[in-house]
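Read through the structure below, which is laid out as structure tokens, and then see the notes.
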Amino acid sequence: MSAAGTRRFHGDADDGLARIGEAELVLRERLDRTFERWAVGAGARRAVYPPLLRVVDLARIDYFDNFPHLAVLASGIDAPALEAGVDPSGAGVVPAGALHDCAYALPSAACFSVYFRLAGQTLAEPALVTTVANCFRRESGYDGFRRLLGFSMREVVCVGDRDAVLDHLRTWRERVTAALAAVGLPARIVPSEDPFFDPDAGRALMARLFPVKEEVVYGEDLAIASLNFHRNFFGERCDIRTADGEPAFSGCMAFGLERWMAALSAHLGDDVDAILERLDAWDGMP
């Protein structure tokens, strides 16, 4: 029997928007501190980027060709609408005609800012960066903490030559495999399609023949993390080059924090203190 006052994980969300109480916050902070510690221990430098991305930057990586359905855009109310008065209370929305053209978007992945920040640079050595971001994706439906409109993503990104990036991904695959075993979470690492390529294009066919994305999947379909090898896609589109002048390769390890919370609570129960005690097994991991 759990003691009175035990912190319980509720996983409370509505229309893809999570409500984070004390219990959920404690668990999310513990997860992120651990993932960040692993990243810094591996040599990554920490960074925080602006909460918005420029549409012009996303266009250079074909984002609106491949993922227009995921995009969440940011705008403001235009002057005529301000003068006329805007009342969104009726339909619960601000009409599109009352808005300025959108020059900014909310990020759907934390790593994009890393590539845009490195754009136009020549790297003397591989760049290893870790960042966490509030990310947003429009989906056909939402499901508690398993699938959200707004969620938290911790990423560890490597940009450099091909061998450095592949070594980065191998290291993180081993680390995540060990982490799953340490806490007894029955998740598996499975191949998936590369999300950065048009599924009807030749690049996507190459991705299926030579997998460039793996997902850490709990249960039937809950992807709680992913390992992504982008080849030199972002190096080409963002003009990031290695010391030999060639377009840089890139890869990232991505953790969906709320999805980890959903998986851990589904497997271990809603007693957050019991989950935290199980996570103590990670304390000795480098």
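The values are calculated or read from the model by the stated rules, or taken from the named source; none is laboratory data. Nothing here was measured: the structure is a model prediction, and the numbers come from that model. All Cβ positions, even for glycine, are placed from backbone atoms using ideal geometry, and neighbour counts span all protein chains on display.
Listed values, structure above:
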read-out	value
Selection count where residues are under 16 Å from the mean Cα position of the chain (by Cα) and outside any loop (DSSP other than H, G, I, E, B), scope region 216-244	10
Residues of region 150-159 satisfying the condition of being under 17 Å from ALA13 (Cβ atoms) and either out of contact with any strand residue (DSSP E or B) (no Cβ under 7 Å at 6 or more places or on another chain) or crowded, with 18+ Cβ neighbours inside 10 Å (or both)	PHE151, SER152, MET153
Candidates LEU27, LEU53 - the one that is closer than 20 Å to TYR104 by Cβ and under 18 Å from the mean Cα position of the chain (by Cα)	LEU53
Condition met for TYR49 (in contact with a helix residue (DSSP H, G or I) (Cβ under 8 Å, 6 or more places away or on another chain) and part of a helix (DSSP H, G or I))	no
Residue count for region 148-185, restricted to those that are assigned to a strand (DSSP E or B) and not basic (Lys, Arg)	10
Count of residues meeting criterion [in a loop (DSSP other than H, G, I, E, B), modelled with pLDDT under 95 and surrounded by 14 or more Cβ atoms within 10 Å (Cβ to Cβ)] in region 87-137	1
Test result for PHE233, out of contact with any strand residue (DSSP E or B) (no Cβ under 7 Å at 6 or more places or on another chain), in contact (Cβ under 8 Å) with a residue 60 or more places away in the chain and either buried (at least 20 other Cβ atoms within 10 Å of the Cβ) or within 16 Å of ALA110 (Cβ to Cβ) (or both)	yes
Failed item in (1) at pLDDT below 95; (2) of a type outside the set (Ser, Thr, Tyr); (3) over 19 Å from the mean Cα position of the chain (by Cα), with ILE61 passing the rest	(3)
Qualifying residue in region 30-48 (condition: closer than 30 Å to LEU128 by Cβ and without any contact (Cβ under 8 Å) to a residue 60 or more places away in the chain)	yes
Residue identified as in contact with a helix residue (DSSP H, G or I) (Cβ under 7 Å, 6 or more places away or on another chain) and hydrophobic (A, V, I, L, M, F, W, C) among ALA91, ALA109, ALA81	ALA81
Residue match in region 77-86 (condition: of a type in the set (Gly, Ala, Ser), farther than 23 Å from GLU155 by Cβ and part of a loop (DSSP other than H, G, I, E, B))	yes
Total residues in region 245-267, condition more than 23 Å from ARG170 (Cα to Cα) and in contact (Cβ under 8 Å) with a residue 60 or more places away in the chain	8
Residue within region 252-267 that is at pLDDT 95 or above, touching a Cys at 6+ places or on another chain (Cβ under 8 Å), assigned to a strand (DSSP E or B) and of a type outside the set (Lys, Arg) present	yes
Hits in region 186-198 - residues which are crowded, with 19+ Cβ neighbours inside 10 Å and either at pLDDT 95 or above or assigned to a helix (DSSP H, G or I) (or both)	ALA187
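Conditions (1) part of a helix (DSSP H, G or I); (2) surrounded by fewer than 16 Cβ atoms within 10 Å (Cβ to Cβ); (3) in contact with a helix residue (DSSP H, G or I) (Cβ under 9 Å, 6 or more places away or on another chain), marked per residue:
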{"residue": "ALA23", "(1), (2), (3)": "yes, no, yes"}
{"residue": "LEU31", "(1), (2), (3)": "yes, no, yes"}
{"residue": "GLU36", "(1), (2), (3)": "yes, no, no"}
{"residue": "VAL40", "(1), (2), (3)": "yes, yes, no"}
